[in-house]
Amino acid sequence: MATDNREPWEHLKGISVTVRNNDVNGALRVLKKKVQRENLLRDLAEHEHYTKPSIKRRMKKQAAVVRWRKKQAEIAETL
């Protein structure tokens, strides 16, 4: 597994944060930022239950309509 100079856990994928000078609060803050940037919580919520493809399509279309209406409102506001 770790035949060269790598750490045994280096082959694992995921987010990692190093704690420097026993600053756990700072490391936790960095971890929260990384989790938010990667949208991990949203992905976990999406994968918590199975969603049928028809419902996924419906949700995707609803999101597109909301985006379109928002864009139309911004255009109307500038006129």
Give me the distance in nm between label points sitting 7 Å out from Cα along the Cα-to-Cβ direction at Ile75 and Thr51, one decimal.
2.7
Please order Arg37, Arg29 by the number of other Cβ within 10 Å, starting at the fewest.
Arg37, Arg29
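Where a number appears in this text, it was derived from the coordinates with a stated rule and is not lab data. Fair warning: this is a prediction, and the values are worked out from it, not measured in the lab. All Cβ positions, even for glycine, are placed from backbone atoms using ideal geometry, and neighbour counts span all protein chains on display.
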